Amino acid sequence: MALFEAHRLHKRFGRRVVLEDISLAFADGRISGIMGPNGAGKTTCFNVLTGRYAPDRGRVVLDGRDIAGKKPHEIARLGVSRSFQMMNLFDEYTARENVAMALPAMRGRGFQMARAAAGIGEIRDAADAALERVGLAGRGDAIAKALSYGERRALEIGVALAAAPRILFLDEPTSGLGTEATARLAELIRRLKGSLAMVLIEHDMRFLFELADEVSVIHWGQVIARGTPDELRRNPWVQRSNLGKLA
Amino acid sequence: MTGRTAPPADRDQARLFPPAMLAALVFFASVPLWIRGVGLYEYIGVEIMIWATYALAYNLTLGQTGLPSFGHGAYFGVGAYAFGLAQHGIAENLWLCLLVAVAAAALAGAAVAAFISHRRGIYFAFMTIAFGQVFWFVAVKWHSVTGGEDGLLKIRRLPVDLGVAAFDVSGNEAFYWLVFAAFALVATGLWRLVNSPFGRVLRAIKQNEARASFVGYDVWLYKFTAFTLSAGLSGFAGALFAQAQQSAFPDVMSLHWSGIVVMMVLVGGGLVSFWGPVVGVAVYFVSRDVIGAATTTWMLWFGLMFMALVLFQPEGIAGAWRHWLARARARLAAAGR
């Protein structure tokens, strides 16, 4: 059984059916990709998998445990972490404080009221290590909103990784990045490979096909194709659609 | 970057008595020495410290957690009434009555927080107003308990019994020191709290609720706890106020007075500074007495000042001070080079 599985998920908003009978499986240590046209339901799928919305029907299973309908913070504590398509940081905090918030050590201390957070060296060190991992060493004291776009993207992933997740969902991590930053991101993902499961929603097909072990294509709220990048390159639907042209 | 030397802000946060705290405490401790010399009197110091305690407690929701509570007078008032009722009905013991006041206000706060902690923004604000009005209405109408519009009278300033010695605080000079001790206690306690891991989480929630919950914080529980603590401490200030006035009235629970504490906090700069609420309260009461001595329309002038601040300096007096300091520092650095 895979680390993370979704069984026959259904989700509708009012009369609009967004997810119709979606099943997915993400294996530990592997990189999975999700592609599909705009409005296909990819982000909604992430939102259901990470607890923002409860599915109307279906199961979400992490390591044999049904987590569908649990709150985002409960799912996060079980080792599911995510980044967002829209930038999502603690803007007034420094880069270090941003990653520190996500550290399990900090989470465990959340209700400590009688000691100074700034005095906890262990958290400071772990936060600096988390920044170094995403190429932000030495930027710890910079306020998040003052960072460059590329640095903010890196910080987002740093925050998601600081939670020490077992599975990491990245929603369009390359969006808005230049070629150089995209290459750095690809390198980071390659470096992380094997230590946790990763799932990427991505429009940049070259990026996705280069990194992913397996890709699922979502359209009209359904999985219409699934396979390795090589298999999908030969898939007639992918070839016909705009998605295939770039790959 | 010199490795492990913490930036100045971190250093202050780690201290229990940073320079600003010492300055505030020294300032308030010196008030009885000179207050009459400038034509004022001790009681204004009592008022300022009580309302500063209240404003600091209130700012735990507005400034620290980003929760717009516009009905906080309810908890201040519940504390005041509970103090008086405990004194009349249970025992004339300062500690017991203060405990009852804090517990009653915290309980009222918890009951409201349980209903509204899943909300935010304007919806949260409206719910706090509605609940605040409920408490105010009860205080006005439940005549047999609260005395209604006539107020709950004959609340005594209870002696401070420390076991080895008891101090009479019925005079304003002595009462000043009780209030000073209470203010110092709440200010240091809240300073520690807002700079603790718990406080960090609250400010994270203020900045980005979704991100906070997706990194694993139970946002509802944090909001609930912050609101309850804030209500309890507001009730503590209310209990002091009941003693100061030797009575409790429903008007402090009205929407009007709940709004005034918001205004004090914003004028002072509570959104950007821990000390903003204290500054705002001091400016309010000193304006009342100084401008009020010259004209009965002082509230008009205070209101105009509030509008000017909102328009030109939305971060309040503390924000303006911070900008000025930064500019002065830059000038100094330029001159030194």
Which listed residue, of A:Ala162, A:Ala183, A:Ala146, is more than 9 Å from every other protein chain (Cβ to nearest Cβ), out of contact with any Ser or Thr (no Cβ under 6 Å at 6 or more places or on another chain) and under 23 Å from A:Ala197 (Cα atoms)
A:Ala183
Scanning the range A:198-207 residue by residue, those under 10 Å from the mean Cα position of the chain (by Cα) and farther than 15 Å from A:Ile218 by Cα turn out to be A:Met198
Exactly one of A:Gly176, A:Gly194 is more than 30 Å from A:Ala146 (Cα to Cα), surrounded by fewer than 20 Cβ atoms within 10 Å (Cβ to Cβ), out of contact with any Leu (no Cβ under 6 Å at 6 or more places or on another chain) and in the same structural domain as A:Gly41 (by TED's automatic domain parsing), and that one is A:Gly194
Checked A:Glu156, A:Glu151, A:Glu180 against criteria (assigned to a helix (DSSP H, G or I) and without any contact (Cβ under 8 Å) to a residue 12 or more places away in the chain); the one match is A:Glu180
Yes/no for A:Leu188 being within 14 Å of another protein chain (Cβ to nearest Cβ) and within 30 Å of A:Gly39 (Cα to Cα)
no
State yes or no: is A:Leu136 within 14 Å of chain B (Cβ to nearest Cβ) and on the phi < 0 side of the Ramachandran plot?
yes
Give the residue, chosen from A:Ala129, A:Ala102, that is surrounded by 23 or more Cβ atoms within 10 Å (Cβ to Cβ) and not assigned by TED's automatic domain parsing to the domain that holds A:Met198.
A:Ala102
Among the residues of the range B:285-305, is there at least one that is in a helix (DSSP H, G or I) and closer than 20 Å to B:Ser69 by Cα?
no
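Does at least one position in the range A:112-121 carry a residue that is in contact with a Leu (Cβ under 9 Å, 6 or more places away or on another chain), in contact (Cβ under 8 Å) with a residue 60 or more places away in the chain and either assigned to a loop (DSSP other than H, G, I, E, B) or at the interface with chain B (Cβ under 9 Å from one of its Cβ atoms) (or both)?
Our first condition is that a residue be in contact with a Leu (Cβ under 9 Å, 6 or more places away or on another chain); within the range A:112-121, this holds for A:113-114, A:116.
Adding the requirement that they be in contact (Cβ under 8 Å) with a residue 60 or more places away in the chain leaves none.
No.
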Flag for B:Val265 being farther than 30 Å from B:Asp168 by Cα, assigned to a helix (DSSP H, G or I) and hydrophobic (A, V, I, L, M, F, W, C):
yes
Among the residues in the range B:48-66, are any more than 14 Å from chain A (Cβ to nearest Cβ), more than 22 Å from B:Gly269 (Cβ to Cβ) and not acidic (Asp, Glu)?
no
Going through the range A:82-96 in order, the residues found to be crowded, with 18+ Cβ neighbours inside 10 Å and either facing chain B (nearest Cβ under 7 Å) or of a type in the set (Ser, Thr, Tyr) (or both) are A:Arg82, A:Ser83, A:Asn88, A:Leu89, A:Phe90, A:Tyr93, A:Thr94
Residues that are more than 14 Å from chain A (Cβ to nearest Cβ): list the helices (runs of 4 or more DSSP H) wholly contained in the range B:107-209 that include at least 2 such residues.
B:121-141, B:143-146, B:172-194
A:Arg77 passes all but one of (1) more than 9 Å from chain B (Cβ to nearest Cβ); (2) more than 18 Å from A:Ser23 (Cα to Cα); (3) not acidic (Asp, Glu); which number fails?
(1)
Which ones in the range B:295-329 are surrounded by fewer than 12 Cβ atoms within 10 Å (Cβ to Cβ) and under 13 Å from B:Met263 (Cα atoms)?
B:Leu304, B:Met307, B:Ala308
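The values are calculated or read from the model by the stated rules, or taken from the named source; none is laboratory data. Fair warning: this is a prediction, and the values are worked out from it, not measured in the lab. Neighbour counts are summed over all protein chains in view; Cβ atoms, including those assigned to glycine, are modelled from backbone coordinates with ideal geometry.
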